[in-house]
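The values are calculated or read from the model by the stated rules, or taken from the named source; none is laboratory data. As the structure is a computational prediction, the values presented were derived from the model and not from experiment. FYI the Cβ positions are ideal-geometry reconstructions off the backbone, even for glycines, and counts take in every protein chain you see.
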Amino acid sequence: MLPTELQRVMEGVKHPTRRAVLIASAAAGGALMVGWYAVGKDRTAKDGELNAFVTIAPNNAITIVAKNPEVGQGAKTALAMMIAEELDADWSHVTIAQADLDTAVFKGQYAGGSMMTPENYLPMRQVGAATRALLIKAAAKQWGVAESECSTDKSVVYHRASNKSARYGALAAAAARYEAPDPKTLVLKDPKNFKIIGKPTVGIDSARIVKGTPIYGIDVTVPGMLYAVFQKCPVFGGKVKSANLDVLKKMAGVKDAFIVEGGSKEVFEAEGGTVSSGLLPGIAIVATSWWQADKARKALQVVWDEGPYAATSNESLAKEAEALFLKPATLSLRNTGDTDGALKTAAKVVEARYDYPFIAHVTLEPQNCTAHVANGKAEFWAPTQLPEAARGLVAHTLGIELKNITVHMTRSGGGFGRRLMNDYMVEAAWISKTVGAPVKLLWSRADDIGHDFYRPGGWHQIKAGLDKDGKPVAWKQHFVSFGKDKKFASCAGLSPDSYPAGRIPNVVYGASLIQTGIPMGPLRAPGENALVWVFQSFIDELAHAAGKDPLTYQLELLGKDEKLPGRGDGFSTARSRGVLEKVRQMSGWGRSLPPRTGLGVAFSYCHLGYAAEVAEVSVAKDGALTIHKIWAAVDVGRQIVNPMGAENQCQGGIVDALSHVLNQKITFANGRTVQTNFDGHMPVTMHQVPPMEVAFVLSDNNPTGLGEPVMPPVIPAVTNAIFAACGKRVRSLPIDEKTLAV
């Protein structure tokens, strides 16, 4: 925890008790991401409230607070399971509540990067164990026995020797008066004794989702609320010159219509030269219903200053990329050995070009936020992945102190990285402040697609040299991407450690950058969702050029067991080999297949997780593609918290990847996005989703997340399978089936 955050934790604690010190020492040491309340002279615990996470009522009902936002990844359920396990709670009596943003009590209130499990697995278990210890202490004091003689099970404390027992609800008030134990003294359960962790558990919100019960940001209503739409220039970086606002203000239900000037120059010249997530210029229309506001927008007549990016198109970007390929790369990312020399002496040289498009997030729930800004304070109800950053953005833009901003985190109807950007929240805040009333801002689907922070597109030119045995000895790659002043735009970069670096002696990774105003940002498995397709496809090309089985070739290239540089504690070749061997067994790799049917394989290390996948496809003579099945072997450590949720995450990653490989592509013309709805940027439909089989390879490593790791290998597994089926290489996404025809 940063010093300023630590200061906020301790702010107002004049006479810290053991609990307050626990917050400070644990936060400063980085061992415990939990804010237990300071209880004593400065704060009185509420009845049954044992800490910031657990409340136990007299009737034995337990409420566990989930501190992280829920964007569909199962955070609310999994976090509660971690606490409930060590608490020895009766899961049938557990209710889960969503926390508001509270950085004085909680740490790490965000959803992204598959970090919920690795950051919280130990701390949340410690929360449960500490709460259980307080309950045991209360029971032991009441009975006059040693704490070591007491045990717990299903929300009951037992003293077997005297045949005494007490439900947690009867002990909670007394337990709340004791000091929290030092986390270092806690003895956590042996996983073999788990009763909740590791058991398939239905998501806490699943029944409400099926019934359509309001739980999402889009469902929020507050007293006196108005509805708003916000029309931005369709050209990235454009602003308003004039508009027929007087006409709009006379329309039925319209309360106000006004121009928002937006932020300063840095809004447009942000990281890598792209539009930032600050307040952009536009026209706000506020009405008594969203339908009335949107009807007024349809009557809007506006003259735009389209700015410097009005000529941007797919054709102009591709032309610039082609020109850059004719020159040396302007950025040197990696240069090991003598790559040019090794290419000259190689027994065989293989060359290929790959390109992939921009992609939008298309969360099922479009961006929305309900905001009430008044009297120097702001209150939000929002589906955000990064609530603390949202609070900071609002504070900076509107000049409101952080302490006067409240953020209620609602469930999100999909995030995938889009809700890490909080542009919709600062828009709602600005509109609410201007009209002096609570406002629900709701984007249309066209708004959502036309003003996304897109997964960047890119172009790759690769040349590799093989020795006489088919082993790669040189790899030279020129990557054309996006950015400015030798700085990549958000999520448009390439790591110098990208695999197979570290396994080939002579490697050059270089890049050249195109400056553009197109907004870019993280999308599920950012970076890897495109780069793994490029690298794993080209490795498959090398295997065929060497006359070797692709899966065997992958295993040989991984080589000896070791850790290579990479995110976290490094990239493990042994764990990579483990998932490849497992998926080989699962898929029956090497079996006889019908004509024009093939298997393809790929793997990746992504966001601390390892995944290998095999796809079985067939290609008809007219190019029609059928994906028959996908197998996935996944290693995310020694423990799966919720197997049901974990499998759902893996299946969701596969479905997302199929949308990328089969359907999705954002194109630009005249500085704006061409697509406006799902018909132009289609997720896969039910008939395109094949059977999926997921298996977890348990390894002796700390548990990690599943939101990202399974997605990237799906795309190259499918395209490699296409080559195995019909001999046609897919080097441009999404797949154009006409190119697969005989």
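Checking the structure you have, find out if any residue of the stretch 313-334 is in contact with a Lys or Arg (Cβ under 8 Å, 6 or more places away or on another chain) and buried (at least 19 other Cβ atoms within 10 Å of the Cβ).
No, the stretch 313-334 contains no residue that is in contact with a Lys or Arg (Cβ under 8 Å, 6 or more places away or on another chain) and buried (at least 19 other Cβ atoms within 10 Å of the Cβ).
Hey, does the stretch 597-606 have a residue that's on the phi < 0 side of the Ramachandran plot, of a type outside the set (Gly, Ala, Ser) and surrounded by fewer than 24 Cβ atoms within 10 Å (Cβ to Cβ)?
Within the stretch 597-606 (the criterion being on the phi < 0 side of the Ramachandran plot, of a type outside the set (Gly, Ala, Ser) and surrounded by fewer than 24 Cβ atoms within 10 Å (Cβ to Cβ)), the answer is yes, since at least one residue qualifies.
What are the residues in the stretch 175-197 that are in a loop (DSSP other than H, G, I, E, B) and either of a type in the set (Val, Ile, Thr) or outside the structural domain of residue 138 (by TED's automatic domain parsing) (or both), if any?
Scanning the stretch 175-197 gives 187, 196, 197.
Just to be sure I understand, how many residues within the stretch 154-174 are part of a helix (DSSP H, G or I) and out of contact with any Leu (no Cβ under 8 Å at 6 or more places or on another chain)?
7
Scan the stretch 173-183 and tell me whether some residue there is under 22 Å from residue 129 (Cβ atoms), modelled with pLDDT under 95 and among the aromatic types (Phe, Trp, Tyr).
yes
Is at least one residue of the stretch 609-622 among the acidic types (Asp, Glu) and surrounded by fewer than 15 Cβ atoms within 10 Å (Cβ to Cβ)?
The answer is yes; a qualifying residue exists.
Among the listed residues 509, 553, which satisfies the condition of being aromatic (Phe, Trp, Tyr) and touching a Lys or Arg at 6+ places or on another chain (Cβ under 6 Å)?
509
List pairs: first in the stretch 356-372 and under 20 Å from residue 526 (Cα atoms), second in a strand (DSSP E or B) and of a type in the set (Gly, Ala, Ser), Cβ under 8 Å, 6+ apart or cross-chain?
Taking only residues 6 or more apart or on different chains, the pairs are 356/458; 356/732.
For the stretch 574-590, does any single residue satisfy the condition of being in the same structural domain as residue 734 (by TED's automatic domain parsing), in contact with a Ser or Thr (Cβ under 6 Å, 6 or more places away or on another chain) and either more than 22 Å from residue 551 (Cα to Cα) or not in a helix (DSSP H, G or I) (or both)?
Scanning the stretch 574-590, I find no residue that is in the same structural domain as residue 734 (by TED's automatic domain parsing), in contact with a Ser or Thr (Cβ under 6 Å, 6 or more places away or on another chain) and either more than 22 Å from residue 551 (Cα to Cα) or not in a helix (DSSP H, G or I) (or both), so the answer is no.
Taking strands (runs of 3 or more DSSP E) that do not extend beyond the stretch 309-382, which have at least 2 residues that are in contact with a Pro (Cβ under 7 Å, 6 or more places away or on another chain) and either over 30 Å from residue 70 (Cα atoms) or of a type in the set (Gly, Ala, Ser) (or both)?
Correct list: 331-336.
Please go through (1) under 20 Å from the mean Cα position of the chain (by Cα); (2) without any contact (Cβ under 8 Å) to a residue 40 or more places away in the chain for residue 635 and return the number of the only condition it doesn't satisfy.
Exception for residue 635: condition (2).
Conditions tested, residue by residue: (1) acidic (Asp, Glu); (2) under 16 Å from residue 60 (Cβ atoms).
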{"position": "88", "(1), (2)": "yes, yes"}
{"position": "93", "(1), (2)": "no, yes"}
{"position": "102", "(1), (2)": "yes, no"}
{"position": "114", "(1), (2)": "no, no"}
{"position": "117", "(1), (2)": "no, no"}
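Looking at the stretch 623-664 only, could you name the residues that are part of a loop (DSSP other than H, G, I, E, B) and in contact with a helix residue (DSSP H, G or I) (Cβ under 7 Å, 6 or more places away or on another chain)?
623, 624, 639, 640, 641, 642
Could you look through the stretch 706-729, keep only residues that are of a type outside the set (Gly, Ala, Ser) and surrounded by fewer than 23 Cβ atoms within 10 Å (Cβ to Cβ), and pick out the one that is nearest to residue 631 (Cα to Cα)?
It comes out as 723.
Restricting the first residue to the stretch 662-679 and requiring it to be closer than 17 Å to residue 515 by Cα, which pairs with a second residue that is surrounded by 19 or more Cβ atoms within 10 Å (Cβ to Cβ) and polar (S, T, N, Q) meet a Cβ separation below 6 Å and a spacing of at least six or different chains?
Listed by first residue and then by second, the contacts come to 668/312; 671/312.
Between residues in the stretch 717-731 that are under 17 Å from residue 580 (Cβ atoms) and of a type outside the set (Asp, Glu) and residues that are surrounded by fewer than 18 Cβ atoms within 10 Å (Cβ to Cβ) and at pLDDT 95 or above, which pairs lie under 9 Å by C-beta distance while being six or more apart or on different chains?
The qualifying pairs are 721/597; 724/593; 724/597.
Taking the condition of a type outside the set (D, E, K, R) and either in contact with a Pro (Cβ under 9 Å, 6 or more places away or on another chain) or surrounded by fewer than 22 Cβ atoms within 10 Å (Cβ to Cβ) (or both), does residue 698 pass?
yes
Here are some conditions: (1) surrounded by fewer than 16 Cβ atoms within 10 Å (Cβ to Cβ); (2) under 30 Å from residue 307 (Cβ atoms); (3) at pLDDT 95 or above. Residue 231 meets all but one. Which one does it not meet?
(1)
Looking at the structure I just gave you, is residue 336 more than 30 Å from residue 674 (Cα to Cα), at pLDDT 95 or above, out of contact with any Cys (no Cβ under 6 Å at 6 or more places or on another chain) and hydroxyl-bearing (Ser, Thr, Tyr)?
Here the answer is yes, as residue 336 does meet what is asked.
Suppose we filter 283, 215, 259, 209 for residues that are surrounded by 20 or more Cβ atoms within 10 Å (Cβ to Cβ) and either under 26 Å from residue 383 (Cβ atoms) or in contact (Cβ under 8 Å) with a residue 12 or more places away in the chain (or both); which single one remains?
Sole residue among the options that is surrounded by 20 or more Cβ atoms within 10 Å (Cβ to Cβ) and either under 26 Å from residue 383 (Cβ atoms) or in contact (Cβ under 8 Å) with a residue 12 or more places away in the chain (or both): 283.
Any residue in the stretch 686-705 that is of a type in the set (D, E, K, R) sitting within a Cβ distance under 9 Å of a residue that is in a helix (DSSP H, G or I) and surrounded by 16 or more Cβ atoms within 10 Å (Cβ to Cβ)? List the pairs, counting only those 6 or more apart or interchain.
From residues that are of a type in the set (D, E, K, R), the pairs are 693/586; 693/587.
Only one of 391, 418 is within 30 Å of residue 682 (Cβ to Cβ), of a type outside the set (Phe, Trp, Tyr) and either modelled with pLDDT under 95 or surrounded by 22 or more Cβ atoms within 10 Å (Cβ to Cβ) (or both); which?
Testing whether each residue is within 30 Å of residue 682 (Cβ to Cβ), of a type outside the set (Phe, Trp, Tyr) and either modelled with pLDDT under 95 or surrounded by 22 or more Cβ atoms within 10 Å (Cβ to Cβ) (or both) leaves just 418.
Output the qualifying pairs, or none if there are none: Cβ atoms under 9 angstrom, residues six or more apart or on different chains, first residue in the stretch 406-432 and farther than 18 Å from residue 361 by Cβ, second residue of a type in the set (Lys, Arg) and assigned to a helix (DSSP H, G or I).
406/391; 407/391
Of everything in the stretch 487-526, what is part of a strand (DSSP E or B) and either in contact with an Asp or Glu (Cβ under 7 Å, 6 or more places away or on another chain) or basic (Lys, Arg) (or both)? Give them in sequence order.
Listed by number, the residues that qualify are 487, 506, 514.
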